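Undergrad: Dumping the structure here so I can ask a few things about it.
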Amino acid sequence: MASKAELDGIYEQAKGAVESASDLRALDQVRVEFLGKKGRITSVLKTLGQLPADERKLVGQAANEVRRHLEGAISVKQAALSRADVEERLATEAVDITLPGRRVAHGSRHLISQVIKEITGIFIGLGYKVAEGPEVEIDYFNFKALNQPPDHPARSLQDTFYIKKESVHPADDDILLRTHTSPVQIRVMKEQEPPVYIIAPGKAFRRDVPDPSHLPMFHQVEGLAVDEGITFGDLKGTLEAFTKQMFGKKRKIRLRPHFFPFTEPSAEVDVSCAVCDGRGCRLCGSGWLEILGAGMVDPNVLTEVGYDPEKVSGFAFGMGVERIALLMHGVPDLRMFIENDMRFVKQF
Ligand code: PHE
C-alpha cells in the first residue's frame, strides 16, 4: 500500500540516481524509471484510490511534491551535463583555424546611385548644398508655383499619377507623384533668403509605359543658383565645368533654345559624344547627346517665393540621371536599370 514513507524512499533513490547519471542518456533513463508512464512515482499515484480518504489526500500531495522536486533536479543535472559535453568537445576536438572562412556576399551601389553620387560630389565641390523634397507632392509645388497654372499646355507633357485626396489628408490641392525635381526649387526658396546654391537629387514620375527610352519612375538632379547679378554666362560656365569633370576634359557642351514655363530664356544642353568625339556615330547620331534642361529662373517664380526679381536673378537646371548613366556606359535600354538582372548590375 502506498505511503508517504514509501515515497520518501523512492525520492531518495531517485535523487541518488540523478546525481550519479554520468551522461544525458543515463539521465533520461532515470527520468523514465521514476517519472515515465509506467514509472515508480506514477505507479504510486495509480494506487491512491485504494487509500482511505484522509490518507489519500496526504499521500497524493506528497507524490506530487516528489515529482516536482525530481523534475527540478533532472533539469539542473541536464544543464550541467550539456555544458560539460560542450566543454569536453572544445577541449578534445581540433579546430583548424587555417581553413578559409565562409565569405559574406557584399553588395555594391547600383549604377544609378553611383552616378547620383558623382554628380552631387562635383557640385558640392563647387560650393552647392544638397537639398531634398518629397516624392509625393502637391500640385502647387510641382506645377503652379513653377509658372504652370492648371490649364497650361506644358502640363500635358508631364502627366503623372494622382493620389486620391481623401485617402491622404484634406489638402485643397491635388496630390501627385512629382514629375520632376523642380518643386524642390520652390520649397528651398520659400524656406530661405538668397543666396541659394543647391543641388537636389531624387526620384521623379511620369505616366509612361516602360520602353527602351522611358521609365515611369526615374531620377533627376536639380540645380538652383540664385544670387545678385547671376547671368546666363554663369549658367554656361557652371555646366561646362560640370561636364568636363563628369565626362572628361575633351567634352564640349552645346545649348539649344528651348521652352520651360519656369525658366526664361531656356535651353536644352547637349554634350559632345565621347564615342565619336562629336563626329557622329550610331550612339549619338549627330555627334551630340542631350543631358539636361536649364535656363534663367523666371521672374514670376522669384516673385512667387517672395524674392525680388529686381534684386536677384538665378539659373536652374535639371538632368536625367538614367540618361547620363546610359551615355557613360553605352547601356542600350533604360529598362535594364530596374530589371535587377545581376549579370547587368554587377558590371558597374
Ligand atoms: N524640370 C525640367 C524637366 O524635368 C528640367 C529643368 C529643370 C529645366 C530646371 C529647366 C530648369 O524637364
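The values are calculated or read from the model by the stated rules, or taken from the named source; none is laboratory data. Because the structure is a prediction, the values reported are computed rather than measured. When we count neighbours, we look across all protein chains shown, and the Cβ atoms used for this are built from the backbone with ideal geometry, even at glycine.
Undergrad: Give segment 221-237 a look and list any residue that's within 14 Å of the ligand (Cβ to nearest atom) and in a strand (DSSP E or B), or say none.
TA: Result: Val221, Glu222, Gly223, Leu224, Ala225, Val226.
Undergrad: From the residues in segment 291-309 that are within 13 Å of the ligand (Cβ to nearest atom) and not aliphatic (A, V, I, L, M), which one is nearest to His110 (Cα to Cα)?
TA: Gly293
Undergrad: Has segment 249-263 got at least one residue that is surrounded by fewer than 16 Cβ atoms within 10 Å (Cβ to Cβ) and within 12 Å of the ligand (Cβ to nearest atom)?
TA: For segment 249-263, residues surrounded by fewer than 16 Cβ atoms within 10 Å (Cβ to Cβ) and within 12 Å of the ligand (Cβ to nearest atom): present.
Undergrad: Does segment 270-317 hold any residues that are at pLDDT 95 or above and among the β-branched types (Val, Ile, Thr), and which are they?
TA: Val297, Val301, Thr303, Val305, Val312
Undergrad: Residue under question is Glu240, and the condition is that it be away from the ligand (no atom under 16 Å from the Cβ), surrounded by fewer than 17 Cβ atoms within 10 Å (Cβ to Cβ) and at pLDDT 90 or above; does it hold?
TA: Numbers: away from the ligand (no atom under 16 Å from the Cβ): yes; surrounded by fewer than 17 Cβ atoms within 10 Å (Cβ to Cβ): yes; at pLDDT 90 or above: yes.
Considered against the rule, which asks whether it is away from the ligand (no atom under 16 Å from the Cβ), surrounded by fewer than 17 Cβ atoms within 10 Å (Cβ to Cβ) and at pLDDT 90 or above, Glu240 comes out as yes.
Undergrad: In segment 14-57, which residue that is among the β-branched types (Val, Ile, Thr) and under 25 Å from Leu81 (Cα atoms) is surrounded by the most Cβ atoms within 10 Å (Cβ to Cβ)?
TA: Val30
Undergrad: Right, next: Need at least 1 residues that are aliphatic (A, V, I, L, M) and in contact with a strand residue (DSSP E or B) (Cβ under 9 Å, 6 or more places away or on another chain) per element, so show me which helices (runs of 4 or more DSSP H) inside segment 252-348 make the cut, counting only ones lying wholly within it.
TA: 299-304, 321-329, 336-339
Per-residue answers, yes or no, for (1) touching a strand residue (DSSP E or B) at 6+ places or on another chain (Cβ under 7 Å); (2) assigned by TED's automatic domain parsing to the domain that holds Val331; (3) under 19 Å from Ile163 (Cβ atoms); (4) buried (at least 20 other Cβ atoms within 10 Å of the Cβ):
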{"residue": "Asp173", "(1), (2), (3), (4)": "yes, yes, yes, no"}
{"residue": "Arg178", "(1), (2), (3), (4)": "yes, yes, yes, yes"}
{"residue": "Pro183", "(1), (2), (3), (4)": "yes, yes, yes, yes"}
{"residue": "Lys190", "(1), (2), (3), (4)": "no, yes, no, no"}
{"residue": "Pro195", "(1), (2), (3), (4)": "yes, yes, no, no"}
{"residue": "Ile198", "(1), (2), (3), (4)": "yes, yes, no, yes"}
{"residue": "Lys203", "(1), (2), (3), (4)": "yes, yes, yes, no"}
{"residue": "Asp208", "(1), (2), (3), (4)": "yes, yes, yes, no"}
{"residue": "Pro212", "(1), (2), (3), (4)": "no, yes, no, no"}
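Undergrad: Identify the residue in segment 310-330 that is free of Cβ contacts under 8 Å to residues at least 40 places away in the same chain and away from the ligand (no atom under 16 Å from the Cβ) and, among all such residues, is surrounded by the fewest Cβ atoms within 10 Å (Cβ to Cβ).
TA: Glu310
Undergrad: Any idea which of Glu304, Glu222 is touching a helix residue (DSSP H, G or I) at 6+ places or on another chain (Cβ under 6 Å), crowded, with 22+ Cβ neighbours inside 10 Å and touching a residue at least 24 places away in the same chain (Cβ under 8 Å)?
TA: Glu222
For (1) without any contact (Cβ under 8 Å) to a residue 60 or more places away in the chain; (2) polar (S, T, N, Q); (3) within 16 Å of the ligand (Cβ to nearest atom), each residue gets a yes or a no:
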position	(1), (2), (3)
Pro100	yes, no, no
Glu118	no, no, no
Ala131	no, no, yes
Pro150	yes, no, no
Ser156	yes, yes, yes
Tyr162	yes, no, no
His180	no, no, yes
Pro183	yes, no, yes
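Undergrad: Restricting attention to segment 246-302, which residues are within 20 Å of Ile230 (Cα to Cα) and of a type in the set (Asp, Glu)?
TA: Glu264, Glu268, Asp298
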